[in-house]
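Taking it in order: structure first as structure tokens, then the write-up.
The values are calculated or read from the model by the stated rules, or taken from the named source; none is laboratory data. From a predicted model like this one, the values you see are computed outputs, not experimental measurements. No Cβ is skipped: glycine too gets one built from the backbone with ideal geometry, and neighbour counts run over all protein chains shown.
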Amino acid sequence: MADKVVLAYSGGVDTSAAIPWLKEKYGFDVITLCLDVGNEKDFSLVEDKAIKAGAVKSLVMDIKDIFTRYFIFPALQADALYEGQYPLATALSRPLMAKMLVDVARQEGAVAVAHGCTGKGNDQVRFDVSVMALAPDLKIIAPAREWGMTREETISYALSKGIPLPVTKKSPFSIDENIWGRSIECGVLEDPWVEPPEEVFAWTKPVNKTPEKSRYLEIGFEKGVPVSLDGKDMDGTSLIIEMNKIVGEHGIGRIDHIENRLVGIKSREVYEAPAATALLKAHLALEALNLSKQQMRFKEKVASEYADMIYNGLWFTSFHQDMAAYVQSSQRHISGVIKLKLWKGNCVVVGRKSPKSLYNFSLATYDKGDVFDQRDSPGFIHIWGLPVKVQAQAQLLTQAEGPMSIPPGVVKQLKD
Ligand code: ARG
């Protein structure tokens, strides 16, 4: 009996061609695993397609809820946004897919796992490093990284093996999508000067087609996790799917990013992430209300580390475990409601409330009821400014350089 390999299968040209290729090159029996993370496709067709391409077994699993609960929401709680722009949809899905590959490989007694990534991207790193962490004994094969075929050659190879390919005109774009966002690469987008053509967008309306009337949206959070929309409780996956519709309708969530890949390449990435954009904004707004200044300053640093960790394929590491412990702890009072206003491509926080709010009206108000004693301020400022005064007297007045060294003539001219 032949050894088995479990192949992460999308139903596309590359992973379909990989089925006969794995059989020919390595003599494997191929089990395909198609994972539904919210990519809009007909999974029943995919299941059948794998068998037609020569798989001995074809599995399809809906893993959206696991994805939401164990990957998306922890990243949201961490405010993870790669390079301040990319909500990490693709990057978050890869470690989960690797975990599923490993689990199925164990169940089926396979000796190897395989995926369709090329040798130029981040995804190969995320798959491989995750499998190395979870099952160091399993062999990892990436056919598209090994076979050295061009796109055209891959298509002729697949056709020669009798694999049915879609007859529809091939899109010039490479697209990856899941409920947290949609990524579009290739074609004209490879010129960073070219504006993304309208046809690349599927989840967001262009601003000239969005409703004239603004839409308010109230998001309820419980310990940093969104649990309701406009007062209605919802499970996480449905909430994200619903928000993609509502927020995308108003033209919000388009991202155009020159991104630093882990493999050293700068690439132009276009994303649509309506729900992620709005949820990250709302979550930060609630943290602004309920975390102390020091907690916020520190969490900002963790957020950037957390995003890099996800992007760079280090999900299954002790480093992540340590950061996750901090993030979880930081979320224990992040419960409340954020009110967003969606209008013409803009998503603005216009209201916030929480039983654990640190906003104190009696301290903030300039009206009646003010309890802040202004007589305390001069003493506080005296001590706060003391080192500034001491240093200015000893050094600054004689040696000021740069932006502070306004030439004496300027002040004189103003007086004249
Ligand atoms: N640049 C993104 C990342 O590294 C998305 C990559 C996948 N996109 C694609 N069109 N295949 O996470």
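Listing for the model above:
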{"item": "Where a residue in the stretch 307-333 is under 25 Å from SER292 (Cβ atoms) and without any contact (Cβ under 8 Å) to a residue 24 or more places away in the chain and its partner, wherever it lies, is aromatic (Phe, Trp, Tyr) and outside any helix (DSSP H, G or I), with Cβ under 8 Å and at least six apart", "result": "MET309/TRP315"}
{"item": "From GLU185, GLU199, residue being without any contact (Cβ under 8 Å) to a residue 60 or more places away in the chain and closer than 12 Å to VAL270 by Cβ", "result": "GLU199"}
{"item": "Pair list, Cβ under 6 Å, 6 or more apart: the stretch 233-260 residue closer than 19 Å to PHE201 by Cα, other residue aromatic (Phe, Trp, Tyr) and within 16 Å of the ligand (Cβ to nearest atom)", "result": "ASN244/TRP203; GLY248/TRP203; ILE255/TYR271; HIS257/TYR86"}
{"item": "Where GLN395 falls short, out of the listed (1) free of Cβ contacts under 8 Å to residues at least 12 places away in the same chain; (2) exposed (fewer than 10 other Cβ atoms within 10 Å of the Cβ)", "result": "(2)"}
{"item": "Members of the stretch 154-174 that are out of contact with any Leu (no Cβ under 9 Å at 6 or more places or on another chain) and surrounded by 14 or more Cβ atoms within 10 Å (Cβ to Cβ)", "result": "THR154, TYR157, LYS161, ILE163, SER174"}
{"item": "From ILE51, ILE31, residue being of a type outside the set (Ser, Thr, Tyr), in contact with a strand residue (DSSP E or B) (Cβ under 6 Å, 6 or more places away or on another chain) and free of Cβ contacts under 8 Å to residues at least 12 places away in the same chain", "result": "ILE51"}
{"item": "Residues that are part of a loop (DSSP other than H, G, I, E, B), farther than 23 Å from ALA91 by Cβ and either within 24 Å of the chain's Cα centre (by Cα) or acidic (Asp, Glu) (or both), drawn from the stretch 10-50", "result": "ASP42"}
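Yes/no matrix, rows are residues, columns are (1) surrounded by fewer than 21 Cβ atoms within 10 Å (Cβ to Cβ); (2) farther than 20 Å from ALA324 by Cα; (3) modelled with pLDDT under 95; (4) among the aliphatic types (A, V, I, L, M):
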residue	(1), (2), (3), (4)
ALA55	no, yes, no, yes
MET61	yes, yes, no, yes
PHE67	no, no, no, no
PHE71	no, no, no, no
ALA75	no, no, no, yes
ALA80	no, no, no, yes
GLY84	yes, no, no, no
LEU88	no, no, no, yes
LEU92	no, no, no, yes
